[in-house]
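The values are calculated or read from the model by the stated rules, or taken from the named source; none is laboratory data. In this text the structure is predicted, and so the values were computed from the model without any measurement. All Cβ positions, even for glycine, are placed from backbone atoms using ideal geometry, and neighbour counts span all protein chains on display.
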């Protein structure tokens with residue numbers, strides 16, 4: 001189960017908690033696309049406990065689109081960078 005919490009303070013920060021898999025990607029994409037143009041978006045991954053390959057690919061694409069990945073666990077970072 002994934003919990004998404006949004007905070008704004010000059011940027012939109014989405015805190016992701018729990019497990020994220022392919023089923024959650026569309027929901028998160030909809031939330032991100034609803035943000036105003038020009039607002040910096042950050043995904044806080046501190047409390048993300050489990051991800052699948054689809055999620056890793058999603059995070060890689062979002063980071064390439066200048067979405068910040070804050071508090072990214074080391075194992076997820078390694079998968080994103082392909083190490």
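Within the range 61-80, being assigned to a helix (DSSP H, G or I) and farther than 15 Å from residue 32 by Cα holds for 74, 75, 76, 77, 78, 79, 80. Residues that are under 21 Å from residue 82 (Cα atoms), in a loop (DSSP other than H, G, I, E, B) and over 12 Å from the mean Cα position of the chain (by Cα) within the range 1-60 comprise just one, 52.
Mind telling me which of the residues 54, 47 ends up being in contact with a helix residue (DSSP H, G or I) (Cβ under 6 Å, 6 or more places away or on another chain) and modelled with pLDDT of 95 or more? Break it down into steps so the answer makes sense when it comes.
Numbers: 47 fails: in contact with a helix residue (DSSP H, G or I) (Cβ under 6 Å, 6 or more places away or on another chain).
None of the other options fit; the residue is 54.
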